[in-house]
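Asks: Take this structure, written in structure tokens, and hold onto it; I'll ask about it next.
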Amino acid sequence: MISINNREFSRLTSYIQARLGIHLSDEKRSLVVGRLQNELTQLNVKSFSEYIDILLQDKTGNILNSLINKITTNHTYFMREVEHFTFLKETLLPQYLHSLKEKDLRLWCAACSTGEEPYTLAMLINDFFQNDSLAWDTQVLATDISDRVLELARKAEYSPEQILPLPQHWKSQYLRRNENGNFTFHEKIKNEVIFRKFNLMEPNYPFKRKFHIIFCRNVMIYFDMETKTELLCKLYDSLESGGYLFIGHSESINRESTPFKYIMPAVYRKE
């Protein structure tokens, strides 16, 4: 196994933080080394210094993409932090049903990973609007920085164990078993989610219109305070006035450094 010295670790983690926002402390050193061993072997390099030099000089973006796929954590599951979906269904959707005259509900699922979260949102929204769904534009924008997880999300194939948390009527209505014994979503639901590659560290967000709801859950736990504050400012600017931000229950917002109003655990509102 190729080891990493202090200078190499500092160079690599500084690059990762600058490009991805992820803060890797020294406690993560063995994780970084372990996850990148195959990468170094495939590139036929003998040290992390050589690998970092190649990474910095790469113009294709392929080595960075591979680094992203190796280093990012993509743990998610259906109905995660179910209180958020209950609040969305029972409070926010009835509110928007009457307040959005254009019938255009804009929802962004940032750091969507392998798709469980945006597909949950798509099913919930479709369930709520029922026969009126054709009159509404409710497509969910789902973004992630990893090509690997986006490919899995677009495929929308999940094992019987993965779909266990879903309500039975959703399983019957929106999923079908394939020849592999796994489950895939009907096109109706797949078409309600638009997957795009996007880096939350981009200085400017390219969205033409602001969102009513943003889910950005369990992302900021990997960021330091400065990066987290910068991200929250960009998310705030990306919301319509009165829009809602959902974060993970293990995360928090310093309300002195951002203007978000606390609504309930891990839910904030733009005033």
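Read the figures in this text as sums done on the coordinates, not as results from a lab. All figures in this text were calculated on a predicted structure; none of them were measured in a lab. Counting neighbours? That spans all protein chains shown, and the Cβs are built from the backbone with ideal geometry, glycine included.
Asks: Once the dipole of segment 72-143 is set up with Lys and Arg at +1 and Asp and Glu at -1 on Cβ about the Cα centre, which of Ala111, Thr73, His84 lies farthest towards its positive end?
Replies: Ala111
Asks: Right, something else. If you add up the charges near Ile52, with Lys and Arg at +1 and Asp and Glu at -1, over every other residue whose beta carbon is less than 12 angstrom from its beta carbon, what do you get?
Replies: Net charge around Ile52: -3.
Asks: Right, something else. If you add up the charges near Ser10, with Lys and Arg at +1 and Asp and Glu at -1, over every other residue whose beta carbon is less than 14 angstrom from its beta carbon, what do you get?
Replies: Result for the neighbourhood of Ser10: +2.
Asks: Percent relative contact order of the chain, based on C-alpha pairs within less than 8 angstrom and at least six residues apart?
Replies: Dividing the mean separation by the residue count of the chain yields 17 percent.
Asks: Further question: Among Met225, Ala122, Thr258, whose Cα lies farthest out toward the positive end of the dipole of segment 82-269, if unit charges sit on the beta carbon of Lys, Arg (+1) and Asp, Glu (-1)?
Replies: Comparing the listed Cα positions along the dipole, Ala122 ranks first.
Asks: Among Leu141, Leu152, which comes first, then next, by fewest other beta-carbon atoms within 10 Å?
Replies: Going from least to most buried by this count: Leu152, Leu141.
Asks: Give me the dipole magnitude in Debye, nearest 20, for segment 5-119 about the Cα centre, with unit charges on the beta carbon: positive for Lys and Arg, negative for Asp and Glu.
Replies: 220
Asks: Running Debye on the chain with equal point scatterers at the Cα sites and no solvent, what base-10 log of I(q)/I(0) appears at q = 0.09, 0.10, 0.12, 0.16 Å⁻¹?
Replies: Each listed q corresponds, in turn, to -0.47, -0.57, -0.80, -1.26.
Asks: Write down the percent of antiparallel bridges among all DSSP beta bridges whose residues are both part of the chain, to the nearest 5.
Replies: The antiparallel fraction comes to roughly 40 percent.
Asks: Simple spin-label model, 7 Å along Cα-to-Cβ: Thr73 to Ile221 in nm?
Replies: Simple spin-label model gives 0.6 nm for this pair.
Asks: Once phi is turned into θ = phi - 60°, what whole-Hz ³J(HN,Hα) does the Karplus curve with 6.51, -1.76 and 1.60 give for every residue of segment 17-26, x standing for Gly and Pro?
Replies: Per-residue couplings from phi come out as 5, 5, 8, 10, x, 7, 9, 10, 7, 5 Hz.
Asks: Remind me, what semi-axes does segment 6-71 give for its equivalent ellipsoid, largest first in whole Å, using sqrt of 5 times each Cα gyration tensor eigenvalue?
Replies: Semi-axes from the Cα gyration tensor: 17, 14, 11 Å.
Asks: Bins of 10 Å, beginning at zero and ending with the bin holding the largest distance: percent of Cα pairs per bin for segment 10-134, please.
Replies: 10, 32, 20, 17, 16, 6, 0
Asks: Still on this model: Roughly how many debye, to the nearest 20, is the charge dipole of the chain about its Cα centre, given +1 on each Lys and Arg Cβ, -1 on each Asp and Glu Cβ, and no other charges?
Replies: With only Lys, Arg, Asp and Glu charged at Cβ, the dipole is about 260 debye.
Asks: If you don't mind, another one. Would you mind checking which residues have amide H under 5 Å from Val140's amide H? H placed 1.01 Å from N; only 5 or more apart, or other chain.
Replies: Hits under the 5 Å cutoff: Val193, Ile194.
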